[in-house]
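Reading through the structure tokens given below for one structure.
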Amino acid sequence: MIEKLNQYLNNIFAPYDGIKSVDELKADLLADLQERFRELKDEGKDDKTAFEMTIDSIGDIEQTIQEVANLSRSLERQVLTNFIASDLPDSDFIGVKAHKKKFVASALQGSDFSGADLTGSLFKASDVREANFDSANLTGCLFKASEVHEANFDSANLTGCNFYVTDLTDASFNKSILVRTNLSMSGLIGVKFSDVTLTDVKLTMTDLKKTIFENCIFEGVDFKYSDLRGLCLDNQTFTGVNFDKAALKEVSFRGATLKNVTFISRYTLSKKYHRAIKTICFDGAMMDKLTYAALKSMEADLSKVTVISEEKDMQDQPIQVKGLRKSYKDLHVLKSVDFEVEKGSIFALLGSNGAGKTTVVKILTTLLKPDGGTAIVNGCDVVSKDDNVRQSISLTGQFAAVDEILTGRENLIMIAKLRHLNHPRQVADDLLKRFGLSDAADRRTSTYSGGMRRRLDIAMSLVGKPQLIFLDEPTSGLDPEARIEVWKVVKELVDSGTTVFLTTQYLEEAEQLADRIAILHEGRIIANGTLEELKKLFPPAKVEYVEKQPSLEEIFLAIISKKEEK
């Protein structure tokens, strides 16, 4: 009988097939009728009676269908025409297709264009305040001399869009696509750009003093003649950007990455411009040699800047951390942390409980955003290019993340499938053999020893061959024998070219494994070097002419106590 109800509605709605609003009405009505039919059956009605009573309950539905269809067709006809001096506030243009249409001198405030395809359309001298363009396609649209206050352009495609001389006060561009977009001479007070890549965008002769940029990447953007005084551009990424002749007094580039950025041309020679450059904050920034040299010639303060000499430096140092800061309310966990990790090495971060080791790992693996400073992992900023970072790393936490219901092989196959790898079973078998788990491959992991579970956990981290692996307290809770098993695995990782970032409380572990050791204490790196370099900080003791070299544990305790004495 349910099928019969469906057939009955199909016959009624057949003349109106393809009209979106009518199709939606049909789906809703069918659901209601099915529910009504079941209620009548529950009351003891037979199939025939229940069917007839269900049909009677909808009344003259054909008139309703016709009214909905006429309204929808009317809207479609309007979209096929231009809107000249039209009064259409709060109109519904959701999902419409209107290529190369004109909205000239029209009142469209509060209208909803979400999901609409408005390619090549013209909004000239129109009022589009508080309009919603969420996820709309605005490719090639022209907003000329229009009022676009508080409009929402989140997730919209604005490729080639022109906002020339347009007031965009308090508009929102969250995760929007801005490629070759022209925002020159526009009003951008209170406008927010969040999680956006701006590519070849024009922002010339524009007042940007009160514009908000969060997690943005600027590629080929032109800020020439614009007013950026006091603007915060912290932790953003700039490549091929032009700031020549822009007002830059007291702009902040803290933790930013700048490559091939122009601040000066041969025409920018005024003493006033040079004085403005001196007020810019570059603390914790990273920049290429040419950008650095140009700013240095203008006496900019570059004392806390890291110079990126060549692209290969990024490859040779898969982790570069500068001025990293993180607080939880009033608790300052990280206070300007700096360090670098060489490719193909084991870097050990030591510290007491609560020193901030896990916070560092969470930031480097994009699980936590820093409050300041920069962290570059495999050439990508952990804030602005977090997706790229996640694709190139793997993380093994303090506790094994294996599924105890599955076998060792099934755990590995599951991860391989999640990473969309070809031949997942072969990937699993290769890793099982590599980590000495082939004999236990088809046993549930709940039967594994602690060392076996940890080896499997690390094997799961290597599915997809990440360039860099983070091991956060990898031997926590293991017995000495299991700990030695894990040490052997970690050494084999480095032999195969993987870079390992290791956090540990076990000083013997760092002594056995690490190529370089950094000690984190009260939010700062207080020592950083090879084991031999750290040993030189404290001369060996001599007892009865027998030289006794200090252990790493003795060095660690001595360094900590020295800092606390100060």
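The values are calculated or read from the model by the stated rules, or taken from the named source; none is laboratory data. Nothing here was measured: the structure is a model prediction, and the numbers come from that model. Note that each Cβ is placed from the backbone with ideal geometry, even for glycine, and that neighbours are counted across all protein chains shown.
What number of residues in the stretch 211-267 are polar (S, T, N, Q) and closer than 24 Å to Val321 by Cα?
In the first step, residues of the stretch 211-267 are kept if they are polar (S, T, N, Q); the result is 211, 215, 226, 235-237, 239, 242, 252, 257, 260, 262, 265.
Narrowing the set further to residues that are closer than 24 Å to Val321 by Cα leaves 215, 235-237, 239, 252, 257, 260.
Residues in the stretch 211-267 being polar (S, T, N, Q) and closer than 24 Å to Val321 by Cα: 8 in total.
I'd like the residue in the stretch 177-236 that is aromatic (Phe, Trp, Tyr) and under 21 Å from the mean Cα position of the chain (by Cα) and, out of all such residues, is farthest from Ala285 (Cα to Cα).
Ranking the qualifying residues of the stretch 177-236, first place goes to Phe193.
Before we move on, is Ala441 over 26 Å from Val333 (Cα atoms), among the small types (Gly, Ala, Ser) and touching a strand residue (DSSP E or B) at 6+ places or on another chain (Cβ under 7 Å)? So that I can check it myself, show each step before the final result.
On the way: over 26 Å from Val333 (Cα atoms): yes; among the small types (Gly, Ala, Ser): yes; touching a strand residue (DSSP E or B) at 6+ places or on another chain (Cβ under 7 Å): yes.
So Ala441 fits the description; yes.
Mind counting the residues in the stretch 460-485 that are of a type in the set (Gly, Ala, Ser) and more than 17 Å from Thr499 (Cβ to Cβ)? Break it down into steps so the answer makes sense when it comes.
Within the stretch 460-485, the first condition is being of a type in the set (Gly, Ala, Ser), and the residues that meet it are 461, 464, 476-477, 482.
So of that shortlist, the ones also more than 17 Å from Thr499 (Cβ to Cβ) come out as 476-477, 482.
Final tally of qualifying residues: 3.
At pLDDT below 85 and buried (at least 19 other Cβ atoms within 10 Å of the Cβ): does that describe Val341? Show your work before the answer.
Details: at pLDDT below 85: no; buried (at least 19 other Cβ atoms within 10 Å of the Cβ): yes.
Answer is no for this residue.
Using the structure shown, decide if Leu437 is closer than 19 Å to Ala416 by Cα, over 26 Å from the mean Cα position of the chain (by Cα) and aliphatic (A, V, I, L, M). Break it down stepwise before answering.
Working: closer than 19 Å to Ala416 by Cα: yes; over 26 Å from the mean Cα position of the chain (by Cα): yes; aliphatic (A, V, I, L, M): yes.
Yes: the conditions hold for Leu437.
Could you name every one of the strands (runs of 3 or more DSSP E) located completely within the stretch 111-198 that has at least 1 residues being within 20 Å of Ile217 (Cβ to Cβ)? Give the steps one after another, and end with the answer.
On the way: elements: 122-124, 142-144, 172-174, 177-179, 192-194.
Ranges flagged: 172-174, 177-179, 192-194.
State all residues of the stretch 229-253 that are over 21 Å from Leu290 (Cβ atoms) and touching a Leu at 6+ places or on another chain (Cβ under 9 Å); if no residue qualifies, say none.
Answer for the stretch 229-253, where residues must be over 21 Å from Leu290 (Cβ atoms) and touching a Leu at 6+ places or on another chain (Cβ under 9 Å): Arg229, Leu231, Ala247, Lys249, Glu250, Ser252.
Please pick out the residue among Phe51, Phe103 that is more than 30 Å from Phe133 (Cβ to Cβ) and either outside any loop (DSSP other than H, G, I, E, B) or modelled with pLDDT of 75 or more (or both). Even if it seems obvious, please write down each step before you answer.
Working: Phe103 fails: more than 30 Å from Phe133 (Cβ to Cβ).
When all the criteria are applied, what remains is Phe51.
Are any of the residues in the stretch 56-79 farther than 30 Å from Glu147 by Cβ, small (Gly, Ala, Ser) and modelled with pLDDT of 75 or more?
no
Checking the conditions here, which among Leu502, Leu507, Leu520 is over 32 Å from the mean Cα position of the chain (by Cα) and within 27 Å of His332 (Cα to Cα)? So that I can check it myself, show each step before the final result.
Values: Leu502 fails: over 32 Å from the mean Cα position of the chain (by Cα); Leu520 fails: over 32 Å from the mean Cα position of the chain (by Cα).
None of the other options fit; the residue is Leu507.
Exactly one of (1) under 30 Å from Phe213 (Cβ atoms); (2) in contact (Cβ under 8 Å) with a residue 40 or more places away in the chain; (3) buried (at least 20 other Cβ atoms within 10 Å of the Cβ) is unmet by Thr366. Its number?
Checking Thr366 against (1) under 30 Å from Phe213 (Cβ atoms); (2) in contact (Cβ under 8 Å) with a residue 40 or more places away in the chain; (3) buried (at least 20 other Cβ atoms within 10 Å of the Cβ), the one that fails is (2).
Identify all residues within the stretch 512-522 that are surrounded by fewer than 21 Cβ atoms within 10 Å (Cβ to Cβ) and more than 16 Å from Leu471 (Cβ to Cβ); write none if there are none. Explain how you work it out, then say what you get.
Within the stretch 512-522, the subset surrounded by fewer than 21 Cβ atoms within 10 Å (Cβ to Cβ) is 512, 515-516, 521-522.
Within the stretch 512-522, His521, Glu522 qualify.
Step by step: first the residues of the stretch 396-452, then only those that are surrounded by fewer than 18 Cβ atoms within 10 Å (Cβ to Cβ) and β-branched (Val, Ile, Thr), then the one that is nearest to Val463 (Cα to Cα). Which residue is that?
Going through the qualifying residues, I end up with Ile405.
Check Thr407, Thr396 and return the single one that is in the same structural domain as Glu492 (by TED's automatic domain parsing) and either touching a residue at least 24 places away in the same chain (Cβ under 8 Å) or closer than 14 Å to Val486 by Cα (or both).
Thr396
Checking Arg229 against (1) under 23 Å from Ser172 (Cα atoms); (2) at pLDDT below 90; (3) of a type in the set (D, E, K, R), which single condition isn't satisfied?
Looking at each condition in turn, Arg229 falls short on (2).
What are the residues in the stretch 250-260 that are on the phi < 0 side of the Ramachandran plot and at pLDDT 90 or above, if any?
Val251, Ser252, Phe253, Arg254, Ala256, Thr257, Leu258
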